[in-house]
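Please treat every number below as a calculation from the coordinates, not as lab data. Being a predicted model, the structure only gives us computed values, none of them experimental. Note that each Cβ is placed from the backbone with ideal geometry, even for glycine, and that neighbours are counted across all protein chains shown.
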Amino acid sequence: MRRFSDKANARIVFRQGTKNASYLLHLYAIFQEFVLTPPKWTKLDDKQKGKLRYSLSFTTLALPCFNELYELFYTSTGKKIIPKNIADLITPVSLAYWIMDDGSFSGSGLKLHTNAFSIEELKLLVEVMENKFGLIVKIHIANRKKLQNILYINKKQMPMVIELVKKYMHPSMLYKLNIKCE
């Protein structure tokens, strides 16, 4: 989400790599009425890995309807935050989209990449996920130097996660739950 000043309206930028192009097109179908131009391919020069990557993206119009979301999840300085009322906002549908956007399955469980948030915010998320869904979620260190952490859901909890979110997942993103695409 982007907002350039207090007077400007917010807009949303969606971007996915080649592997997730069909998911990006799914998002475009949802937001199409808020978009002027269809998704576009962008070439990215990954200098660290020394190769070209491609991503597909689209941007919504800057509209007042996105301001409330922006104000919930960003401070006045543009820093991303977890709102205090996250328990009221998180549902199986929003959890599914969170997993599709910022989740990854490792051999031992599900990681939710929450690197930008404080420990206090992550503790709130852990509490909400336990109270609302009965999930045991742990905070793991992602990068000690940058003081970044992720949320981790153990492999034993995955049947519960799958039960909660599978019906809301785009088929191409089921791999994030360690399910072969159907």
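A few notes on this one:
- Pairs spanning more than 29 Å between alpha-carbon atoms, out of Lys47/Lys176; Lys47/Lys167; Lys79/Lys111: Lys47/Lys167.
- Relative contact order computed over segment 1-75 (Cα-Cα under 8 Å; 6+ residues apart), in percent: 39
- Taking other Cβ atoms within 10 Å as a rough exposure proxy, Thr91, Thr60, Thr77 sort from fewest to most as Thr77, Thr91, Thr60.
- Stretchable slack from Ile81 to Val13, in nm (0.36 nm times residue separation minus alpha-carbon distance): 22.7 nm
- For the set Lys123/Lys145; Lys40/Lys156; Lys19/Lys84, the pairs lying more than 31 angstrom apart at their alpha carbons are Lys40/Lys156; Lys19/Lys84.
- The distance separating the Cα centre of segment 90-116 from that of segment 52-70 comes to 20 Å.
- Cβ-based exposure ranking for Trp41, Trp98, in which fewest neighbours within 10 Å come first: Trp41, Trp98
- Residue exposure proxy: Val126, Val13, ordered by other Cβ atoms within 10 angstrom of their Cβ from fewest to most, comes out as Val13, Val126.
- Averaging the sequence gap over all C-alpha pairs within less than 8 Å and six or more residues apart, then dividing by the number of residues, gives the chain a relative contact order of 18 percent.
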